[in-house]
Number of protein chains: 2
Amino acid sequence: VLAAAGRLVEEDGYGRLTIEAIARQAGVSKQTIYRWWSTKAEVVLEALNEAASTIAPAADSGSLEADVRLFLRRTVEGGKGRNGRMLVALMAEAQFDEVFGRSFRREFLANRRNMLRNVLERARTRGEVAQSAHIELAVEVVFAMLWYRMLGRHAPLDRRLADELTDTLLILVG
Amino acid sequence: VLAAAGRLVEEDGYGRLTIEAIARQAGVSKQTIYRWWSTKAEVVLEALNEAASTIAPAADSGSLEADVRLFLRRTVEGGKGRNGRMLVALMAEAQFDEVFGRSFRREFLANRRNMLRNVLERARTRGEVAQSAHIELAVEVVFAMLWYRMLGRHAPLDRRLADELTDTLLILVG
């Protein structure tokens, strides 16, 4: 069901997506879908979160720099091509569709910040990040840059950006 | 004409805007508009740039910190309320409409980065910014954060953000 929802959003956009189409594409009944999710937004958000956690899980190697670098390289990889086009379309949709927008912000954007915040907080308990460090701002800078590149397209979303953001984040929490 | 275009985008959105409606609202003929602009995108972008330069001109007080703080406080003020909603709608539109998107990126997003880059480059000639400083990245961080707040709405676009971004920028070019 989640894979079917992802494919349909990619092909037709979120606006034209229906629970019925997801059911047809997944080869299940509408009732089956409604047993687990109540709106198409919920299905799409769960698909997004699952994909994001698979592509870029929060690593835990014991080294802040290694964890952040891996997380950001994978996040950047996951934001390229079709995934990236889908994310951008959903971010645009979130500005017009209030209901979807609320879910997208709370259940996707906030989740991704949580993943990186956890990495930084683990590093803080190990003493790698100062108690006074402004973790929230550093996390925001990272995702802000990824989105600005995806939406603004003035420079590529690539490994170089991932590494620049890793360095920037270490400066900001250092 | 520019004010008329701004009002119409605010009221009906960019998608429904026509040169004819701009002419009617401004009380001029379509021919007059076509003498100066060839598409509605050009009119809207010129209106946006004019508004942005009026609200947040690049200050030149001789102090980097003062110039950046003023520029960012004004930029944040200018991105609130109706202006902010219009900017967000245009950023979303830029993701769906390729022609408008190209103009929006080249003639608005890039212009705003240029304004701040100039402030930093003037500071570099005065010796306030290191020759090796990564100015481009610092400029990108600032606008990325403003856009991420406007689109993500997880925290307010306020003077506190402007001041945090001023400090962040000084750290990044310091």
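Tell me, what are the semi-axes, in whole angstrom and largest first, of the equivalent ellipsoid of the protein assembly as shown as set by the roots of 5 times the Cα gyration tensor eigenvalues? Intermediate values should be presented prior to the final figure.
Details: eigenvalues 223, 201, 45 Å².
Value: 33, 32, 15 Å, ordered largest first.
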* Asked: What is the list of residues in the stretch A:65-92 whose amide nitrogen lies under 17 Å from a point 7 angstrom out from the Cα of B:ARG105, following Cα to Cβ?
  -> A:79-92
* **chain B: relative contact order as a whole-number percent, Cα under 8 Å and 6+ apart** => 23 percent
* Structure fact -> Residues hit by the 40 Å² burial cutoff in the stretch A:93-135, accessible area with a 1.4 Å probe, assembly against chain on its own, are A:GLN95, A:PHE96, A:ARG105, A:ARG113
* In nm, what does the list of distances from A:GLU20 to its counterparts in the other copies look like, shortest first, when each label sits 7 Å along Cα to Cβ? -> 3.5
* To do: Compute the accessible area per residue over the protein assembly as shown, keeping the other protein chains in place, probe 1.4 Å, unit Å².
  => 46 Å²
* Calculated FRET value between B:GLU65 and A:THR125, using beta carbons and R₀ = 25 Å, to 0.05 -> 0.15
* Could you work out the equivalent-ellipsoid semi-axes for the stretch B:115-174, taking the square root of 5 times each eigenvalue of the Cα gyration tensor, largest first, in whole Å? => 24, 10, 9
* May I ask you to find the residues of the stretch B:149-163 that are shielded by at least 30 Å² of accessible area once the whole protein assembly is considered instead of their isolated chain (probe 1.4 Å)? => B:LEU151, B:GLY152, B:ARG153, B:HIS154
* Considering only the label points, 7 Å along Cα→Cβ from Cα, what distances in nm to one decimal separate A:PRO57 from the same position in each other copy, shortest first? -> 5.6
* Structure fact -> Inter-copy distances for A:TRP36, label 7 Å out on the Cα-Cβ vector, sorted ascending, nm, one decimal, are 5.7
* Asked: Taking only DSSP H segments of four or more residues, each worth -39500 (n - 2.57), what value at 222 nm results for chain B once the sum is divided by all its residues, to the nearest 500 deg cm²/dmol?
  -> -23500 deg cm²/dmol
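So how much accessible surface do B and A hide from each other in total, probe 1.4 Å, in square angstrom to the nearest 100?
On the way: alone 9510 and 9520 Å², together 16160 Å².
That pair hides around 2900 Å² of surface in total.
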* To do: Just the number, please: Stokes-Einstein D of the stretch A:32-122 in µm²/s, Kirkwood Rh from C-alpha pairs, 10 °C, 1.306 mPa s.
  => 112 µm²/s
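Report the far tail of the P(r) of chain A, meaning the percent of Cα-Cα pairs longer than 25 Å.
37 percent
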* Considering only protein heavy atoms and a 1.4 Å probe, what is the carbon-and-sulfur percentage of the accessible area of the stretch B:47-163? -> 50 percent
* Structure fact -> The lysines whose Cα lies under 19 Å from the Cα of B:LYS30, excluding any fewer than 8 residues away in the same chain, are B:LYS40
* Structure fact -> The distance between the Cα centres of the stretch B:113-174 and the stretch B:34-78, in whole Å, is 15 Å
* Asked: If r is the Cβ-Cβ distance from B:THR54 to B:ALA21 and R0 is 25 Å, what FRET efficiency results, to the nearest 0.05?
  -> 0.60
* **Ranked by how many other beta carbons lie within 10 Å on average, peptides B:1-8, B:42-49 from highest** => B:42-49, B:1-8
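The values are calculated or read from the model by the stated rules, or taken from the named source; none is laboratory data. Owing to the predicted nature of the structure, the values given are computational and were not obtained by experimental measurement. Here the Cβ is made from the backbone with ideal geometry for all residues, glycine too, and neighbour counts use every protein chain on show. The accessibility values were calculated without ligands, DNA or RNA, using every heavy atom of the protein model including side chains. Shrake-Rupley method; radii C 1.70, N 1.55, O 1.52, S 1.80 Å.
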